[in-house]
Structures are given as C-alpha cells and as structure tokens.
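The values are calculated or read from the model by the stated rules, or taken from the named source; none is laboratory data. In this text the structure is predicted, and so the values were computed from the model without any measurement. So basically every Cβ, Gly included, is an ideal-geometry build from the backbone, and we count neighbours across all protein chains shown.
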Amino acid sequence: MKEMGGAMQLRIGIWAGAGALVVVFWTFLIAGTSQSQLRNVWPLIDLTCPIALARHHALSIYFVLLVNAATYALLGSVVEFIRQLHGRANFMSN
C-alpha cells in the first residue's frame, strides 16, 4: 500500500511539472508574438494558466510559475483521488 502512495505522489508531481511547462510555453509564445495576434489565443491561455486572468497586474514569472504549478498539483490531486476511488470500486465489484 505504501508503494501506491509513492506512485500517487509521483503522478501529482508530474501534474505540477506539467503546470510549470505550460507557463514556460506561454511565456515564450507571448514574448515572440505581437499583442494583436494573441487576441484569439487569450481564452486558451486563461484556461490552461488561470493566474493569467490577473494579467493586468504586474506578476513575476516565478510567481506565475509557482501558482500554476500549485494549481495543476491541486487538480492532479483531485484527479488522482478520483482515479484511486474508481480503481477501488472496480476492485470491489469483481
């Protein structure tokens, strides 16, 4: 059972890493694109990087990276918890 907890922590860490990579991707895209071309992309940025909704405030890239990684880790925790419950339900029904 202890191995399952370690695997779950690893998967949550992967979720957090994915959140950090999303920030890096959007940072490079935004830096290399004019604001007029980004108009159609902002809804997708807001969806994948919720802290971007506060774009009218000066935010450090490190702060955005940390908050988005934490957001994805929280989302990953919920998904992994539901996944674990679903796995137990399937195990019990067999």
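Limited to region 26-58, what total is found for residues that are touching a helix residue (DSSP H, G or I) at 6+ places or on another chain (Cβ under 7 Å) and among the hydrophobic types (A, V, I, L, M, F, W, C)?
Selection size over region 26-58: 8.
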Going through region 37-85 in order, the residues found to be without any contact (Cβ under 8 Å) to a residue 60 or more places away in the chain and of a type in the set (D, E, K, R) are Arg39, Asp46, Arg55, Arg83
Contact list, first residue from region 8-28 and more than 13 Å from Asn68 (Cα to Cα), second anywhere and in a helix (DSSP H, G or I), beta-carbon distance below 7 Å, six or more apart or interchain, is Met8/Glu80; Met8/Gln84; Arg11/Gly76; Arg11/Glu80; Ile12/Ala73; Ile12/Gly76; Ile12/Ser77; Ile12/Glu80
Scanning region 47-94 for residues that are modelled with pLDDT under 90, surrounded by 12 or more Cβ atoms within 10 Å (Cβ to Cβ) and in a loop (DSSP other than H, G, I, E, B) gives Arg55, Leu59
